[in-house]
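Below is one structure; the comments refer to it alone.
The values are calculated or read from the model by the stated rules, or taken from the named source; none is laboratory data. Keep in mind it's a predicted model, so treat the numbers as computed, not measured. All Cβ positions, glycine included, derive from the backbone under ideal geometry; neighbour counts span all protein chains shown. Areas reflect the complete protein model, heavy atoms only, side chains present, ligands, DNA and RNA absent. Shrake-Rupley method; radii C 1.70, N 1.55, O 1.52, S 1.80 Å.
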Amino acid sequence: MDSLILAIESSCDETSAALIRGGKLLNNIVATQSVHENYGGVVPELASRAHQQHIVPIVSTALKEAGVDRHELDAVAFTQGPGLLGALMVGASFAKGLALGLGIPLIGVNHMQAHILAHFIGDSKPSFPFLCLTVSGGHTQIVLVRDYLDMQVIGETQDDAVGEAFDKSAKLLGLPYPGGHLIDRYAAQGNPKAFDFPDTAMPGLNFSFSGIKTAFLYFLRDMKAGNPNFVADNMPDICASLQYTLIRMLMQKLKRAAKEYGIREIAIAGGVSANAGLRTTLNLEAEKRNWNVYIPDFQYCTDNAGMIAITAHFKYLKGDFVQQDATPMPRMVLPRLS
Ligand code: KG4
Ligand code: ZN
């Protein structure tokens, strides 16, 4: 019989539940927390409270929508880390209680591994080995993926994540949180060469995004000194130029990694992979370099339990379970290739 698994994601500001049967995703219910919009970032305490409110209705909806009784479940999976401790604890505690009550195994999932394995939800799947550029609000990594559960980081940011650079720049432009997708939308109408921002050079396959944030802050300060309406007058060009720089920094390292490792199977994952500019640039490079590129559906780019469910499916097949005393791990990492 195909295994039936309930998966729960609660690492940041999305409460999500999904059901998967025999590796086929049945649904993916996501509740996004709007409470953080006015604060310019996720407020951890508010995130935990919102998860508490959403988790039972979200899981009930997932079960009801799929016509599944909880007694049919074979396992319960949850995001073990990385993420906000209080937020992770809500999902972990719920999953533990349910698994204990039903007498079924528990599966702890690494959120970053799950972003990558989201590529195995749909029909277009990368073949091993492939490289994945994982770009989110908390991470920027290039991962060498040898098998479903065998992956190593070969490059990563030494400071801010690229999603953070998008969101903090958006905040400086007076846009609400999270502003990444708004920059993307304005950028579509702007000139990417209108303004010039510096790249931060990093050795090897590592990234740095804290410098551009500071450069952007001073750029706006100087331009506003000459024209107080500078931002309102130039929003599309500012966004297009900033986005162009961020994408260029990502692509430089990705091209280098592909060359060094001799790999042409290239995937992107994480919230920033929803970016239209990044998707277009990646497709253009793919044509030039004969890469096969894999870009997840929008709904599987940002945080969702579907990606936790597909990872749990592979872990279930290996009998990779955690015990009831498993604790959330805010800084859970993927191994680094040494
Ligand atoms: O993976 P994710 O949902 O959560 C984390 O694990 O961090 O990623 C969220 C990040 C935020 O920084 C958000 O602004 C960014 O993804 N993001 C985008 C776009 N859509 C979401 N950044 C740029 N362009 C987009 N279209
Ligand atoms: Zn994420």
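Cβ-Cβ contacts under 7 Å between residues 6 or more apart (or on different chains), taken from a first residue in region 133-149 that is of a type outside the set (A, V, I, L, M, F, W, C) to a second residue that is open to solvent by 10 Å² or more (accessible area, probe 1.4 Å) and away from ligand 1 (no atom under 16 Å from the Cβ), are listed as Arg146/Phe128; Arg146/Pro129; Asp147/Phe128; Tyr148/Phe314. It is to be established whether one or more residues within region 170-181 are away from ligand 1 (no atom under 16 Å from the Cβ) and open to solvent by 60 Å² or more (accessible area, probe 1.4 Å). Among the residues of region 170-181, not one is away from ligand 1 (no atom under 16 Å from the Cβ) and open to solvent by 60 Å² or more (accessible area, probe 1.4 Å), which makes the answer no. Residues of region 67-92 that are surrounded by fewer than 18 Cβ atoms within 10 Å (Cβ to Cβ) and small (Gly, Ala, Ser): Gly67 alone. Among the residues of region 84-108, count how many are of a type outside the set (A, V, I, L, M, F, W, C), closer than 13 Å to His51 by Cα and under 22 Å from the mean Cα position of the chain (by Cα). Result for region 84-108: 2.
For (1) within 16 Å of ligand 2 (Cβ to nearest atom); (2) assigned to a strand (DSSP E or B), each residue gets a yes or a no:
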{"site": "Gln113", "(1), (2)": "yes, no"}
{"site": "His119", "(1), (2)": "yes, no"}
{"site": "Lys125", "(1), (2)": "no, no"}
{"site": "Phe128", "(1), (2)": "no, no"}
{"site": "Thr134", "(1), (2)": "yes, yes"}
{"site": "Gly137", "(1), (2)": "yes, no"}
{"site": "Gln141", "(1), (2)": "yes, yes"}
{"site": "Leu144", "(1), (2)": "no, yes"}
{"site": "Ile154", "(1), (2)": "no, yes"}
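Residues in region 298-335 that are touching a helix residue (DSSP H, G or I) at 6+ places or on another chain (Cβ under 9 Å), within 16 Å of ligand 1 (Cβ to nearest atom) and either more than 12 Å from Ala7 (Cβ to Cβ) or open to solvent by 20 Å² or more (accessible area, probe 1.4 Å) (or both): Phe298, Gln299, Tyr300, Cys301, Thr302, Asp303, Pro328, Met329, Pro330, Met332, Val333, Leu334. Of the residues screened, Tyr186 is not one that is in contact with a Gly (Cβ under 6 Å, 6 or more places away or on another chain) and under 23 Å from His36 (Cα atoms). Among the numbered conditions (1) surrounded by fewer than 16 Cβ atoms within 10 Å (Cβ to Cβ); (2) within 14 Å of ligand 1 (Cβ to nearest atom), the only one that Lys224 does not meet is (2).
Give region 133-165 a look and list any residue that's of a type in the set (A, V, I, L, M, F, W, C) and either open to solvent by 10 Å² or more (accessible area, probe 1.4 Å) or over 12 Å from the mean Cα position of the chain (by Cα) (or both), or say none. Matches in region 133-165: Ile142, Val143, Leu144, Val145, Leu149, Met151, Val153, Ile154, Ala165. If only residues of region 168-200 that are out of contact with any Ser or Thr (no Cβ under 8 Å at 6 or more places or on another chain) and small (Gly, Ala, Ser) are counted, the one that is farthest from ligand 2 (Cβ to nearest atom) is Gly174. What do you reckon, is Ala31 out of contact with any Leu (no Cβ under 8 Å at 6 or more places or on another chain), under 19 Å from Pro330 (Cβ atoms) and either part of a strand (DSSP E or B) or free of Cβ contacts under 8 Å to residues at least 60 places away in the same chain (or both)? So Ala31 fails the test.
Among the residues making up region 39-57, those that are assigned to a loop (DSSP other than H, G, I, E, B) and either of a type in the set (A, V, I, L, M) or at pLDDT 95 or above (or both) are Val42, Val43.
If you check Gly190, Gly271, Gly174, Gly179 for being in contact with a Cys (Cβ under 7 Å, 6 or more places away or on another chain) and over 29 Å from Ser124 (Cβ atoms), only one passes: Gly190.
Would region 269-281 turn up any residue that is surrounded by fewer than 20 Cβ atoms within 10 Å (Cβ to Cβ), more than 13 Å from the chain's Cα centre (by Cα) and free of Cβ contacts under 8 Å to residues at least 24 places away in the same chain?
Yes, there is a match, as at least one residue in region 269-281 is surrounded by fewer than 20 Cβ atoms within 10 Å (Cβ to Cβ), more than 13 Å from the chain's Cα centre (by Cα) and free of Cβ contacts under 8 Å to residues at least 24 places away in the same chain.
For region 93-111, the tally of residues that are buried (at least 24 other Cβ atoms within 10 Å of the Cβ) and part of a helix (DSSP H, G or I) stands at 2.
Anything in region 282-297 that is of a type outside the set (D, E, K, R) and either part of a helix (DSSP H, G or I) or surrounded by 13 or more Cβ atoms within 10 Å (Cβ to Cβ) (or both)? List them, or say none. Of everything in region 282-297, those that are of a type outside the set (D, E, K, R) and either part of a helix (DSSP H, G or I) or surrounded by 13 or more Cβ atoms within 10 Å (Cβ to Cβ) (or both) turn out to be Leu282, Asn283, Leu284, Ala286, Trp291, Asn292, Val293, Tyr294, Ile295, Pro296. For region 65-85: of the residues being small (Gly, Ala, Ser) and in contact (Cβ under 8 Å) with a residue 60 or more places away in the chain, which is farthest from Glu9 (Cα to Cα)? Here the answer is Ala75.
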